[in-house]
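**Q** Before I ask anything, let me first share the structure, which is written out below as structure tokens.
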Amino acid sequence: MLREVAAAVPDSMFGTPELQGMLRDMEEALDAQPDGVALAAPQIALPYRIFIVRYDRMHVQPEGVEAPPEVGIFINPEFEKISRRRDVVDEGCLSVRGKYGKTFRHERASVRAQDADGRVFIRGGGGLLAQAYQHEIDHLDGILFTDHAEDIVILPPKDHA
């Protein structure tokens with residue numbers, strides 16, 4: 001499923017228990033991976049154009065301080081605007097554990113998407129957030145970061161318990 005282009009969420013699915021269940025499953029899957037900052041639906045075998053972001057994990061927290069979960073939901077996302085400036089950034093993926101590489105990503109990106117009720121919104125960001133937008137939309141298009149990363153290294157698994 002990671003290599004398939006995800007299907008758009010149909011209008012009839014917004015506000016349904018089915019969509020709420022999928023979003024809950026995605027949040028639970030991401031919660032179980034403390035080093036993960038975002039997750040696309042195909043990563044847990046859901047064929048839809050959905051990704052979630054954990055904003056609270058985008059910033060380093062002081063030792064012993066855990067920020068409450070702050071989840072962004074992006075359904076049927078499309079890039080609204082992308083910066084011309086790009087940079088080489090380190091990247092990994094929950095679906096290809098242990099592999100890390102350098103990718104060439106736009107420094108800033110804005111995404112137009114829908115929330116769980118179908119309302120359209122636009123959210124932009126830079127740095128890690130812009131990178132997450134690009135990485136997750138790649139997933140929705142059947143692309144893994146390893147398809148375009150350079151200097152890929154394989155590191156031994158970390159204990160995430």
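The values are calculated or read from the model by the stated rules, or taken from the named source; none is laboratory data. As the structure is a computational prediction, the values presented were derived from the model and not from experiment. Reconstructed Cβ throughout: ideal geometry from the backbone, glycine too, with neighbour counts over all protein chains shown.
**Q** Residue pairs, Cβ under 9 Å, 6 or more apart or interchain, first in the range 20-39 and free of Cβ contacts under 8 Å to residues at least 60 places away in the same chain and surrounded by fewer than 16 Cβ atoms within 10 Å (Cβ to Cβ), second assigned to a loop (DSSP other than H, G, I, E, B) and not β-branched (Val, Ile, Thr). List them.
**A** Filtered contacts from the range 20-39: 25/46; 31/69; 32/160.
**Q** State whether the residues of the range 65-77 include one that is of a type outside the set (Val, Ile, Thr) and within 28 Å of residue 153 (Cα to Cα). Before you say what the answer is, go through the steps one by one.
**A** Initially, the range 65-77 is screened for residues of a type outside the set (Val, Ile, Thr), giving 66-70, 72, 74, 76-77.
In the following step, the residues that additionally are within 28 Å of residue 153 (Cα to Cα) were identified as none.
No, the range 65-77 has no match at all.
**Q** Where residues in the range 53-109 are of a type in the set (Asp, Glu) and without any contact (Cβ under 8 Å) to a residue 24 or more places away in the chain, which of them is farthest from residue 133 (Cα to Cα)?
**A** In this case the residue turns out to be 63.
**Q** Another question, if that's okay. Taking the options 73, 50, name whichever one is touching a Leu at 6+ places or on another chain (Cβ under 7 Å) and either of a type in the set (A, V, I, L, M, F, W, C) or closer than 23 Å to residue 100 by Cβ (or both).
**A** Values: 50 fails: touching a Leu at 6+ places or on another chain (Cβ under 7 Å).
Testing whether each residue is touching a Leu at 6+ places or on another chain (Cβ under 7 Å) and either of a type in the set (A, V, I, L, M, F, W, C) or closer than 23 Å to residue 100 by Cβ (or both) leaves just 73.
**Q** For the range 119-142, which positions are over 13 Å from the mean Cα position of the chain (by Cα) and in a helix (DSSP H, G or I)?
**A** Residue satisfying the conditions is 127 alone.
Residue-by-condition table, conditions (1) at pLDDT below 95; (2) more than 16 Å from residue 141 (Cα to Cα):
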position	(1), (2)
20	no, yes
34	yes, yes
38	no, no
49	no, no
67	yes, yes
84	no, yes
91	no, yes
102	no, yes
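**Q** Is it true that residue 9 is in contact with a Gly (Cβ under 9 Å, 6 or more places away or on another chain) and either of a type in the set (S, T, N, Q) or modelled with pLDDT of 95 or more (or both)? Spell out how you get there, then give the answer.
**A** Details: in contact with a Gly (Cβ under 9 Å, 6 or more places away or on another chain): yes; either of a type in the set (S, T, N, Q) or modelled with pLDDT of 95 or more (or both): yes.
So residue 9 passes the test.
**Q** Next question, about the same structure. When only residues in the range 87-115 that are under 17 Å from residue 36 (Cα atoms) and β-branched (Val, Ile, Thr) count, which is surrounded by the most Cβ atoms within 10 Å (Cβ to Cβ)?
**A** Within the range 87-115, the subset under 17 Å from residue 36 (Cα atoms) is 89-101.
Then drop every residue that is not β-branched (Val, Ile, Thr), which leaves 89, 96.
Numbers: 89: 18, 96: 16.
So the residue we want is 89.
**Q** Looking at 19, 30, can you tell me which residue is within 20 Å of residue 112 (Cα to Cα), in a helix (DSSP H, G or I) and not small (Gly, Ala, Ser)? Break it down stepwise before answering.
**A** On the way: 30 fails: within 20 Å of residue 112 (Cα to Cα).
On inspection, the qualifying residue turns out to be 19.
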